[in-house]
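Colleague: I have a structure here, written as structure tokens, and I will follow up with some questions on it.
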Amino acid sequence: MKKIEEVIDELFKNFIEEAIQNIGIGPFITSREAIKSILQKIHEETNSALTMQSTELLEHFSIAGATLYNKYRVPAFLWIDTLEKLKEDILYAIHHQIIDYDDDAFILRMNKLIQGLCKGYLKASAQDTLNFTYERIDAINIEMDIMSHDRWYKNFLEFLANDFQNVPELMYENSESNRWIKSLDFKLLMKACTFEREGEIVIFMHKLYDLAREIKHFIDIQDFKNAYSYLIILDQKVNLLNDILKEVLINFMSDKLHFFFTLFSEIILFKKQYSYFLTLSVSLSSEVAHKRDIHRLFLAIYKGTKNRSKDMAYQFTGVVDDGDSMHFLLHYNEKSDVEKIFTSVTQTIYELKKEEITLNVPEFIVRASETEVFSGLSAATLQKIAFNMAQQHVHVPNYHFNKIECSKLRESADRKAAIDEKVLKAIEDKTMKLYFQPIVHVYGNEKKLVYCEALSRMSDEGKIIDAEEFIHSVLDQKLSSKLDILVYQELMQRTSDIAAFMEGVSVNIFPESFKDKKVIDALKKCLLSFQEKKLILTLEITEYNLFEYYDILLNLKKEFTSTLRVAVDDFGSGYSSLAALVKLSKNGLLDAVKIDGTLTCEILNDATTFEIVKTAASLSKTLNVKTIIEYIENKEIELKLQEEVDDFYGQGYLYAAAMPLEKVKKTFS
């Protein structure tokens, strides 16, 4: 009869040859030498198991398993298959009396060996996952507590890696994850996902805790092979859940304020108890250089306030905006509880001011309202109300809007919502109208209509909507590109009428439209149409946008040399620069300077303002470009201008308000 050690030596020799020949573990190993090294290590450990005390086997092979995992990174199933095959071959030899060895004793030792190796893999794998997965900053946990399961998993991995000490909560019903699923935070996030996805998240959460209990059970009965197998499954489920949550979070981050206000509107509509809403807006101080610093401060305020509110009876959620404001949504029964939040926010900001080192913390303004007044409003309307709240009573750091004030906010928001709806419909249905305000060449005593500024107008029940309200609505709804395209299309249709009595028209273009190929294509078609009729199209653009979209405009000027003109709009407002005009002129990108109307209105009362207007007009003349002066509302302003400026183009109510093209023709023919 052979000794068992001899048979094991022969079998392992064959295993090594087979592994090298068929590369059974090749994809996981970098060389043949590594294959030999691993199998020789398992060979040595198997031989040592024959002589070792049975009570020592589990812990000894636990260390060996950790070595195999950490040093060689071989998947457990590969060496388990090898050892199971070895066990079968040795038992065959024992049963056929090739080896003289007690089969029960051999089975016991081999099982202990395999369980020990699996225990080592279980602990080392848990530690490895801890080292690599949880070194990252928890960047996802920004506005809501979506990573509660991940923190629990970290604790569970620590339990596995540290000799099964300090077992975490394994019952889902008692867990932090379950509390999050029932929270406003979860409801808010679920606004950004489908019903099926929401169900998947809840099912996965349950599954994690079920698997963890199974692993704990297998550890208790020292079945580390199954414990390790279930850990692999648990890790897969955690990763799948994280993928789902990230997918939902990406959708949520795309328009988180919309989802926030949607939840808010539903809660105040269906809940009998009050839901108090707070807006925190920040005044950026000169020391705060970057939006990321403000975002970090918002996050610190949110976390600090939420931390201080843990023991309070109401639910709490919030969402950080893009650097201008942060919103909280609260549930509680007593109006006076809002003061607790004011206190919490104030304390948090005070601590930030005390502890902040890298930048000065700016001032914060806290707002609250009695939200039952807002019941039944849409998410978009509530968002407008929040914006209006932030603009009012700015001199009072903490302000609680009462019912009357909330009603006024609602009325204002209702009107804005109605206008938005009508503006959207007018643009979608292409019922928007173009009005034309005459621009008159004033030269000595002569006045002659040269061209008009084309202005978009929309009527509401027979009355023209205020231009500022209209433009705000277009910008708020991101309709600027669509409106610009409509303007160019209508101008193309009116070229014959325009050519009958004018040199051309001027028109504004929204800055965002320069980034939209469809708008540029529509503008080019309009320019071609004007070119055929020998008309001039003047684009009125602010100085800042002229430089930002310099290359696009330069290319358009080269393509439509005889047709396109460019005017600097609102010159004299903001940070207008005389040097900038000179630079634009030298580069062929300046045909006119339009002096801002806020200056024109003051020239009768303020000598300094008049000097600025004269200087701008003089520079325009030097650069051989037109001077356009808007807001000439009366004869006195015109006469004052004529004292010093002998050649300019005037626009204002003195000459005519914006009107339909047909009326312009009748008035000035």
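The values are calculated or read from the model by the stated rules, or taken from the named source; none is laboratory data. Treat the numbers as computed from the prediction; the structure is a model and nothing was measured. Here the Cβ is made from the backbone with ideal geometry for all residues, glycine too, and neighbour counts use every protein chain on show.
Colleague: Looking only at residues that are in contact (Cβ under 8 Å) with a residue 40 or more places away in the chain and not in a strand (DSSP E or B) in segment 439-467, which one is surrounded by the fewest Cβ atoms within 10 Å (Cβ to Cβ)?
Modeller: GLY444
Colleague: Please state which of the following conditions GLU540 fails to meet, knowing it meets all the rest: (1) within 17 Å of GLY652 (Cα to Cα); (2) part of a helix (DSSP H, G or I).
Modeller: Unmet condition: (2).
Colleague: Determine, yes or no, whether VAL568 is touching an Asp or Glu at 6+ places or on another chain (Cβ under 7 Å), of a type outside the set (Ser, Thr, Tyr), free of Cβ contacts under 8 Å to residues at least 60 places away in the same chain and assigned by TED's automatic domain parsing to the domain that holds ALA500.
Modeller: It is true that VAL568 is touching an Asp or Glu at 6+ places or on another chain (Cβ under 7 Å), of a type outside the set (Ser, Thr, Tyr), free of Cβ contacts under 8 Å to residues at least 60 places away in the same chain and assigned by TED's automatic domain parsing to the domain that holds ALA500.
Colleague: On to the next question. Please specify each residue of segment 172-187 satisfying the condition of being at pLDDT below 90 and of a type in the set (A, V, I, L, M).
Modeller: The answer is LEU184, and nothing else.
Colleague: Out of curiosity, is ILE215 in contact with a Leu (Cβ under 8 Å, 6 or more places away or on another chain), farther than 15 Å from MET190 by Cβ, part of a helix (DSSP H, G or I) and in the same structural domain as MET171 (by TED's automatic domain parsing)?
Modeller: Yes, satisfied.
Colleague: Output the qualifying pairs, or none if there are none: Cβ atoms under 9 angstrom, residues six or more apart or on different chains, first residue in segment 603-619 and more than 19 Å from ASP570 (Cβ to Cβ) and in contact (Cβ under 8 Å) with a residue 24 or more places away in the chain, second residue assigned to a helix (DSSP H, G or I) and of a type in the set (Phe, Trp, Tyr).
Modeller: LEU604/PHE610
Colleague: Follow-up. State yes or no: is LEU641 in a helix (DSSP H, G or I) and farther than 24 Å from GLN437 by Cα?
Modeller: So LEU641 does not fit the description; no.
Colleague: Would you check if there is a residue in segment 596-619 being assigned by TED's automatic domain parsing to the domain that holds LYS448, at pLDDT below 90 and part of a loop (DSSP other than H, G, I, E, B)?
Modeller: yes
Colleague: With respect to SER506, is the statement that it is in contact (Cβ under 8 Å) with a residue 60 or more places away in the chain and crowded, with 19+ Cβ neighbours inside 10 Å true? Quick ask: steps written out before the conclusion?
Modeller: Values: in contact (Cβ under 8 Å) with a residue 60 or more places away in the chain: yes; crowded, with 19+ Cβ neighbours inside 10 Å: yes.
Yes: the conditions hold for SER506.
Colleague: Any idea which of (1) more than 13 Å from GLY652 (Cβ to Cβ); (2) out of contact with any helix residue (DSSP H, G or I) (no Cβ under 6 Å at 6 or more places or on another chain); (3) among the hydroxyl-bearing types (Ser, Thr, Tyr) is the one THR600 doesn't satisfy?
Modeller: Tallying (1) more than 13 Å from GLY652 (Cβ to Cβ); (2) out of contact with any helix residue (DSSP H, G or I) (no Cβ under 6 Å at 6 or more places or on another chain); (3) among the hydroxyl-bearing types (Ser, Thr, Tyr), THR600 fails exactly one: (1).
Colleague: Those residues that are in a helix (DSSP H, G or I) and either without any contact (Cβ under 8 Å) to a residue 24 or more places away in the chain or among the aromatic types (Phe, Trp, Tyr) (or both), I need them from segment 218-231; list them, please.
Modeller: Looking only at segment 218-231, we keep the residues that are in a helix (DSSP H, G or I), and these are 218-220, 224-231.
Within segment 218-231, PHE218, ASP220, PHE224, ASN226, TYR228, SER229, TYR230 qualify.
Colleague: Okay, moving on. In segment 380-432, which residues are of a type in the set (Asp, Glu) and under 27 Å from GLU363 (Cα atoms)?
Modeller: GLU405 - this is the single residue of segment 380-432 that is of a type in the set (Asp, Glu) and under 27 Å from GLU363 (Cα atoms).
Colleague: Hey, any hits in segment 565-585 for a residue that's under 30 Å from SER496 (Cα atoms), out of contact with any Cys (no Cβ under 8 Å at 6 or more places or on another chain), buried (at least 19 other Cβ atoms within 10 Å of the Cβ) and of a type in the set (Lys, Arg)?
Modeller: Scanning segment 565-585 turns up at least one residue that is under 30 Å from SER496 (Cα atoms), out of contact with any Cys (no Cβ under 8 Å at 6 or more places or on another chain), buried (at least 19 other Cβ atoms within 10 Å of the Cβ) and of a type in the set (Lys, Arg).
Colleague: Would you mind stating whether LEU240 is buried (at least 21 other Cβ atoms within 10 Å of the Cβ) and not assigned by TED's automatic domain parsing to the domain that holds SER375?
Modeller: no
Colleague: For segment 404-438, give me the residue count where each residue is surrounded by fewer than 18 Cβ atoms within 10 Å (Cβ to Cβ) and not in a helix (DSSP H, G or I).
Modeller: Within segment 404-438, residues that are surrounded by fewer than 18 Cβ atoms within 10 Å (Cβ to Cβ) and not in a helix (DSSP H, G or I) number 4.
Colleague: Same structure, new question: Just give me the residues in segment 490-499 being in contact (Cβ under 8 Å) with a residue 40 or more places away in the chain and over 15 Å from TYR451 (Cβ atoms), in sequence order.
Modeller: Step one: of segment 490-499, the residues in contact (Cβ under 8 Å) with a residue 40 or more places away in the chain are 490-491, 494-495, 497-498.
The one that is in contact (Cβ under 8 Å) with a residue 40 or more places away in the chain and over 15 Å from TYR451 (Cβ atoms): GLU490.
Colleague: Here is a list: GLU266, GLU198, GLU169, GLU214. Which entry is modelled with pLDDT of 90 or more and within 30 Å of GLY376 (Cβ to Cβ)? Step through it out loud before you land on a result.
Modeller: Values: GLU266 fails: modelled with pLDDT of 90 or more; GLU169 fails: within 30 Å of GLY376 (Cβ to Cβ); GLU214 fails: within 30 Å of GLY376 (Cβ to Cβ).
The match here is GLU198.
Colleague: Here are LEU589, LEU581: which of them is assigned to a loop (DSSP other than H, G, I, E, B), of a type in the set (A, V, I, L, M) and at pLDDT below 90?
Modeller: Exactly one residue qualifies, and that residue is LEU589.
Residue-by-condition table, conditions (1) farther than 16 Å from SER183 by Cβ; (2) modelled with pLDDT of 80 or more; (3) in the same structural domain as GLN391 (by TED's automatic domain parsing); (4) surrounded by fewer than 16 Cβ atoms within 10 Å (Cβ to Cβ):
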| site | (1), (2), (3), (4) |
| --- | --- |
| SER281 | yes, no, yes, no |
| MET312 | no, no, yes, yes |
| GLN315 | no, no, yes, no |
| LEU329 | no, yes, yes, no |
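Colleague: Within segment 58-84, can you find the residues that are exposed (fewer than 14 other Cβ atoms within 10 Å of the Cβ) and farther than 20 Å from ASP128 by Cα?
Modeller: Answer for segment 58-84, where residues must be exposed (fewer than 14 other Cβ atoms within 10 Å of the Cβ) and farther than 20 Å from ASP128 by Cα: ASP81, GLU84.
Colleague: Out of all the residues in segment 205-222, is one or more crowded, with 16+ Cβ neighbours inside 10 Å and within 30 Å of SER265 (Cβ to Cβ)?
Modeller: Yes - at least one qualifying residue is present in segment 205-222.
Colleague: Next up: Tell me the residue from ALA386, ALA368, ALA390 that is at pLDDT 85 or above, under 27 Å from SER265 (Cα atoms) and of a type in the set (Gly, Ala, Ser), please.
Modeller: The unique qualifying residue is ALA386.
Colleague: Is it the case, given these coordinates, that ALA417 is in contact (Cβ under 8 Å) with a residue 12 or more places away in the chain, closer than 18 Å to THR262 by Cα and not assigned by TED's automatic domain parsing to the domain that holds VAL366?
Modeller: Judged against the criteria, ALA417 is a match.
Residue-wise test of (1) part of a strand (DSSP E or B); (2) among the aliphatic types (A, V, I, L, M); (3) touching a residue at least 40 places away in the same chain (Cβ under 8 Å).
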position: GLY65; (1), (2), (3): no, no, yes
position: LEU68; (1), (2), (3): no, yes, yes
position: LYS71; (1), (2), (3): no, no, no
position: ASP81; (1), (2), (3): no, no, no
position: LEU86; (1), (2), (3): no, yes, yes
position: TYR92; (1), (2), (3): no, no, no
position: TYR101; (1), (2), (3): no, no, yes
position: LEU108; (1), (2), (3): no, yes, yes
